[in-house]
Structure formats: structure tokens, C-alpha cells
Amino acid sequence: MTDTRRNDQIKLMVLEGDGIGPEITAATLEVLQAVGERFDLDIGFTHLPIGLEGLRQHGTTVPPMIVDTAPDFDGIVLGPVDHFAYPPADQGGLNPSGELRKRLELFANIRPALSRPGFAPPCGCHVDLVVVRENTEGFYADRAMFQGSGEFMPTPDIAMSLRKITRTGCTRIAKAAFELALRRPRKKVTAVHKSNVLRMGDGLFLECTRAVAKDYPSVEYDEKLVDAVAALLIRDASMFDVIVTTNMFGDILSDQASELSGSLGLAASLNSGADTAVAQAQHGSAPDIAGKGIANPSSLIGSAAMLLGWIGERRNDPRLNEAAAFIDRALSAVIENPETRTPDLGGAIGTKAFTGHVANAIRTMSR
Ligand code: ATP
């Protein structure tokens, strides 16, 4: 464990992850350091191993000290993980994303899709939406059961997958979506579902969301079928503000929206619970480009900015919210210039050079 914490300031646990994880995590810490200096924030980093490095050092991809010590930190920065490369669970190969979401009760996965100025997104329209995705239940085999798996095979030719939907889960994710909408200019929430087929599961989800909507009369509320939303995002993503939905629909729609806004490499996200939050890019470990030095770190840098904002709300410290917005502005400024884009955005510079430009913008931009 390398510990560079100072005093009692903002304490972040850093988990580099697999594939491009170490590259984009290093970039993110460089940017956090620059913003710390600019805003006089004392940010300390404690590195712990996760994923393949966790397996090498501790025989498990999620070493127990991560969850055990999480309450000692203000938040966690998690690089992407390559759980397809792990051994079976009984040999230490746990999916870190699922484990942390379950065990730290990170029920809300906040996934913005935002098109940046000067960079024409593939969809041709301005995208500024947030998918609020339930994170602790739904169609995820590792989240449905107290014991055993939510997927099983009664015969070699039949596979069954369970989907868990609870009143508690639906109500708290709906509240998170409406609270977020209150802070956005358009103040609109769209509940996305498939209640014509999943009558009970998505029926319960809608029942809870409608009940929460009544407490937020200043927020516009509507409901749409998930298949229609998949098409509408492509037709005109600008019609959406906050989308609230169940786990798997949210996973799929947020990738679609992020790619439409520019690239998965821009896609930030925050997994938050009542007590802690994890900054984690929306994408995976991108093994196809790992080690090449060309990954776009904007996703994790943007996620870390969301984490600072989340800590700022909890501490009621506007400096942190200002710092978060400043990181976002720096990202926009660098992406706006075609000369300082990474290959996924059609540019030619690598991760390190891109990061240097973002850090430099943070040092030099006017506040
Ligand atoms: P997983 O199943 O864990 O999501 P995956 O490889 O199927 O992994 P991603 O890792 O999300 O999916 O990658 C999808 C595509 O997007 C890949 O071609 C990858 O190189 C690209 N990609 C993902 N993240 C970035 C990034 N930060 N910068 C550039 N390209 C990226």
C-alpha cells in the first residue's frame, strides 16, 4: 500500500484496475493534483490493489481491505476492470464493479452524456442528458440472491435468469433522479421501462417512480418504453434530460447516449450510496488499446470531477463544486481544439500529452 495522505483533508482511495486502468488513473491523479494546487485543496491518495493486481498480491480480485477501509475515505477512484480475464469466483475472480456496488450499497449510478463545444458528435445534435441507473438489483445474477446465483440451468438446454426489483430500490433511485433534475435547468425526468412485458417488475418500478414524482411538482415527468428510447436517442437525444431506469436498461442506454455524444472515452460516471461514492468510467478496460498510451482519460477525469462535486455537497464546501466544474471546463477547452484530441475523437495525441494539456488548462484558465 502506498500512502500519500496529508492530514484530514480529502482522502481518496485509488484502485487502478486492469487494461487501460493504470494509464487513465495516472492521468486522473495528475489532473486532481493540478486542481488541488489551483483551489488550495488538500487531496490525499491511498493506492490499493484490485483486479488482476489484487489477485496477484492477495489471491482475490477484490481484496477485503478495500471494502473494510472504504468508510475511512471520502471517496474512491476506480479504474476500469477486466473481469472477463478473471478465474472463477471460487479461485478469487470476483467482479469488482458488482462487489463494490453491492457491498458498499452504491445504489445510484449517475451517467451523464454531454457533447462538448466545437466537437460535432456523431448524432449531430447537442446531447446533455444523465442516465440515473439503479445499481444494486435488476437482471444481474450476482445481485438477485442472498445465497446462490440469479442464473441457473435446470437442464443443459435451459437457462433461467432472474430479475430482482424492490420497492426500496425503485424508490431510492427515483428520488436520486428527481433530486438531480431539480439542480438542472430543464428539470425533467423520463422513467424508462418495459412494463408492457415485465408487468410486475416494471409495474412496481413505475408505481414507485410515480409516487416520488408527486413530491417534485416543479419537475416535469414522463414515461417511455425502453425500445422507443433506444430509437429516440438516435433520432434526437436532445429531447432527454434525466432518464431514470432499472439496472440493465440503464447500462445499455448510457453507453448508447455516451457514444452518441462523442465517444465512450468521454463517458464519466459516479456510483453513489448514502455513505460513499466511487468515480468509475462508464466503459470497460479496453484491452484492445491497453498499454498503447492512446486511451482517452476524459471518462475517469470527468468521473473524479463528479466525485469532488459529490463530496462538496456532503461537506457543504462550494470550493469543491467549483473545482469539479473547473475540471469539466478544462476538458471542454482541450477537446474543443482538434490538435489536442485523442485518437478516439479523431485526434493524434496520446494519453500523457492530452493529460498535460488538461492539467495546463487547469493551471492557466481564468476562474
Ligand atoms: P467491457 O465488457 O468490460 O465493457 P469491452 O472491451 O467490451 O469491455 P470497452 O472496454 O468499454 O468494452 O471498450 C469498447 C470499445 O471502446 C473498445 O474498442 C475500446 O477500445 C473503446 N474504448 C473504451 N474506453 C476507451 C477510452 N477511454 N479511450 C479510447 N477508447 C476507448
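Throughout, read-outs are computed from the coordinates displayed, never taken from laboratory work. A quick note: this is a predicted structure, and the numbers were derived from the prediction, not measured. Here the Cβ positions follow ideal geometry from the backbone for every residue, glycine too, while neighbour counts run over all protein chains shown.
Expressed as a rounded percentage, what relative contact order does the chain have, with Cα pairs under 8 Å and six or more residues apart? Present the calculation step by step, with values, prior to reporting the outcome.
Working: 799 pairs, mean separation 77.3, N = 367.
The value is 21 percent.
Scalar couplings 3J(HN,Hα) for region 160-175, obtained by applying the Karplus form with A = 6.51, B = -1.76, C = 1.60 to θ = phi - 60°, are 10, 10, 8, 10, 9, 10, 10, 4, 4, x, 5, 5, 6, 6, 5, 4 Hz; x denotes Gly and Pro.
Among the listed pairs K175/K224; K188/K352; K187/K352; K164/K292; K102/K175; K188/K292, which have their C-alpha atoms separated by more than 29 angstrom in this model? Beyond 29 Å between Cα atoms: K188/K352; K187/K352; K164/K292; K188/K292.
Suppose only helical runs count, i.e. DSSP H with n ≥ 4. What mean residue ellipticity at 222 nm does that imply for the chain under -39500 (n - 2.57) per run, divided by all residues and rounded to the nearest 500 deg cm²/dmol?
Numbers: 11 runs with 147 residues, N = 367.
Theoretical 222 nm ellipticity from helices: -13000 deg cm²/dmol.
Based on the alpha-carbon gyration tensor of region 1-157 and its eigenvalue square roots a ≥ b ≥ c, which shape applies: rounded if a/c is under 1.5, prolate if not and a/b is larger than b/c, or oblate? The shape class here is oblate.
Residues within the reach of a label modelled at S218 (point 7 angstrom out along Cα to beta-carbon, backbone nitrogen below 19 Å), restricted to region 302-316, are 313.
What does the C-alpha gyration tensor say about the overall shape of region 116-180? Classify as rounded when a/c is under 1.5, otherwise prolate if a/b is larger than b/c, or oblate. Verdict is oblate for region 116-180.
Give the order of D227, D90 when sorted by the count of other beta carbons within 10 angstrom, beginning with the fewest. Show your work: numbers first, answer last.
On the way: D227 13, D90 6.
Starting with the residue having the fewest Cβ neighbours, the order is D90, D227.
Couplings 3J(HN,Hα) of region 123-130, computed from phi: 6, x, 10, 7, 9, 8, 9, 10 Hz, in residue order, whole Hz [Karplus 6.51 cos²θ - 1.76 cosθ + 1.60, θ = phi - 60°; x for Gly and Pro].
Region 324-367 and region 67-129 have their alpha-carbon centroids 22 Å apart. For region 262-279, 3J(HN,Hα) computed residue by residue from phi via the Karplus equation (6.51, -1.76, 1.60; θ = phi - 60°) reads x, 6, 4, x, 9, 7, 7, 7, 10, 9, 10, x, 6, 10, 8, 9, 10, 7 Hz, glycine and proline entered as x.
What shape does region 120-261 have by the C-alpha gyration tensor, where a ≥ b ≥ c are the square roots of the eigenvalues, rounded means a/c under 1.5, and otherwise prolate means a/b greater than b/c and oblate the rest? Walk me through the numbers on the way to the answer.
Working: a/c = 2.29, a/b = 1.44, b/c = 1.59.
It is oblate, given that a/c is not under 1.5 and a/b is not larger than b/c.
Cysteine residues of the chain whose Cβ has no partner cysteine Cβ closer than 4.7 Å: C123, C125.
Taking 0.36 nm per residue of separation and subtracting the current Cα-Cα distance, fully stretching the chain between Q91 and M145 would add 17.4 nm.
Counted residue by residue at 0.36 nm each, then reduced by the alpha carbon distance between them, the extension gain from A274 to M365 reaches 29.4 nm. Stretched out straight at 0.36 nm per residue, the stretch from M160 to I252 would grow longer than its current Cα-Cα span by 31.1 nm.
Only one residue of A141, C123, T190 has its Cα farthest out toward the positive end of the dipole of region 120-261, where Lys and Arg carry +1 and Asp and Glu -1 on Cβ, and that residue is T190. Just to confirm the filter: which GluC sites (Glu not before Pro) across region 265-367 are DSSP coil and have at most 16 other Cβ within 10 angstrom of their Cβ? Nothing satisfies the criteria. Between A348 and R210, the simple spin-label model (points 7 angstrom out along Cα→Cβ) gives 5.8 nm.
Computed over the Cα atoms of the chain, the ratio of the radius of gyration to the Kirkwood radius (Rg/Rh) comes to 0.95.
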